[in-house]
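Derivation of every value follows stated rules applied to the coordinates shown; laboratory data play no part. In this text the structure is predicted, and so the values were computed from the model without any measurement. Cβ placement follows ideal geometry from the backbone for every residue including glycine, while neighbour counts extend to all protein chains displayed.
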Ligand SMILES: Cc1cc2nc3c(=O)[nH]c(=O)nc-3n(C[C@H](O)[C@H](O)[C@H](O)COP(=O)(O)OP(=O)(O)OC[C@H]3O[C@@H](n4cnc5c(N)ncnc54)[C@H](O)[C@@H]3O)c2cc1C
């Protein structure tokens, strides 16, 4: 029989590295299929990693709010900022309360390199299956086998397979009879139906919008892209969209009423990129001329810019998504420990769990908070 290891952590991404950083004394092996640790951290936030946000609420996430709140009660954004400050990193705050590394995401990965030096990291090692017999877990990798007393699944979501993402965490959860909340790409652009194909000619243009999906409102920039629409407001909207209609206000903080008698040409009057105004005028067969010359019907058509409703065709898929919504059902995980309620000593942390945040540092905060909660339990046991 293999030597029995105290704890095996599957995945050297944000959550796995944070769990390992909480531990010392125990024999730990972190198993990672990539040739390096923290691959997603390194490419995140345009290479500067948006670590967290000034304001973190359960309502910023898709998932069970009680479960999410319970985890953040134990380790929140202020605890995280303190933890990294103690290790020499004082992130810079940018717009919308977002905290980024000062120079590059390497600053954060270097902290984790130091913190996990005391443990064994098995790189280029892909986990294929885990089983439990008696009190012990048997971890099968492509080139090795491990036997462990405890296992932490920190294998992340399904997006960006080119840097190591896999469905192994979900498969393992299912093999232990956990239920999986249906997964889908999140924080991703929308593809368009025929009626909106005229957007494609606007590729590269960005404008401030508010997007409404049911009772959720997502604001920020919308970017017209070659394949559809993207940009922060759209990425947030993708978190809440399943199928059906979204409504875009292309003129937030602007109303038509004070301008209806204006002698200015419509394309000059509207606070939008001119090519965007002209594309809509063209689409609605309205001649660009002074606002006060428009017929009632034309005015009504133009007012649709305040609530332009349509159903996206789909999204850009996992290869472009920043996150995966869905995952291991959080009702089956103890929010005080992150241990499975079904299998003793099996833990789930990070994106593999059915908790997904908006754009703005929310997903790393979840990865780190859930990891610390898990680490505290492992330490205490
Ligand atoms: C382009 C991009 C930019 C992003 N930017 C931000 C941002 O700025 N701020 C933010 O909050 N969030 C951001 N995110 C989301 C964030 O990166 C993730 O939510 C976060 O990394 C999740 O942490 P995790 O530990 O659960 O998973 P990961 O960090 O993905 O780590 C999982 C690890 O498990 C490994 N693994 C998977 N399968 C196996 C296997 N079979 N065997 C062994 N190892 C395996 C993977 O290689 C990976 O290293 C971004 C995501 C992307 C794709």
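Considering the chain as a Gaussian network with a 10 Å cut-off on Cα pairs, which listed residue, 58, 367, 182, attains the greatest mean-square fluctuation?
Residue with maximal mean-square fluctuation among 58, 367, 182: 182.
Among 280, 364, which comes first, second and so on when ranked by fewest other beta-carbon atoms within 10 Å?
Placing the least packed residue first, the sequence is 280, 364.
Residue 3 to residue 243: extension gain in nm, 0.36 nm per residue of separation minus the Cα-Cα distance?
Fully extending the segment from residue 3 to residue 243 adds 81.4 nm.
When you take every Cα atom in the range 190-315, what is the radius of gyration, and what is Dmax, the widest Cα pair distance, in Å?
14.4, 43
Hey, what did the chain get for relative contact order, percent, Cα under 8 Å, at least 6 apart?
Reported as a whole number, the value is 24 percent.
Would you order 215, 236 from fewest to most other beta-carbon atoms within 10 Å of each residue's own beta-carbon?
215, 236
Given 5 Å bins starting at zero, what is the percent of C-alpha pairs of the range 152-230 in each, up to the one with the largest pair distance?
Here the calculated profile for the range 152-230 is 3, 12, 15, 17, 13, 12, 13, 9, 5, 1.
If you restrict to DSSP beta bridges whose two residues both lie in the range 26-135, what percentage is antiparallel, to the nearest 5?
60
Rounded to the nearest 0.05, what FRET efficiency do residue 197 and residue 42 give with R0 = 35 Å and r taken as the Cβ-Cβ distance? Could you check?
Efficiency at R0 = 35 Å is approximately 0.45.
Can you give the Kirkwood hydrodynamic radius of the chain from its Cα pairs, in Å with one decimal?
Averaging 1/r across every pair of different Cα atoms and inverting gives 22.4 Å.
Per the Kirkwood definition applied to all pairs of different Cα atoms, how many angstroms is the hydrodynamic radius of the range 1-43?
11.2
Using alpha carbon centroids, what distance separates the range 69-109 and the range 283-353, in Å?
Each part reduced to its Cα centre gives a spacing of 26 Å.
Please determine, in degrees from 0 to 90 and to the nearest 10, the orientation of helix 65-74 with respect to the longest principal axis defined by the Cα atoms of the chain, where the helix direction is its Cα long axis.
Long axis of 65-74 versus the principal axis of the chain: about 60 degrees.
Only bridges with both residues in the chain count here: give the DSSP antiparallel percent, nearest 5.
75
Quick one: helix 106-115 against the long Cα principal axis of the chain, what's the angle to the nearest 10°, folded into 0 to 90?
20
Angle between the Cα long axis of helix 274-283 and the longest principal axis of the chain, 0 to 90 degrees, nearest 10?
The angle comes out at about 70 degrees.
With each run of n ≥ 4 DSSP H residues scored as -39500 (n - 2.57), what mean residue ellipticity at 222 nm is computed for the chain after dividing by its residue count and rounding to the nearest 500 deg cm²/dmol?
That comes out to -7500 deg cm²/dmol.
Tell me, 234, 151, 29, 349 in order of fewest to most beta-carbon neighbours within 10 Å?
29, 151, 234, 349
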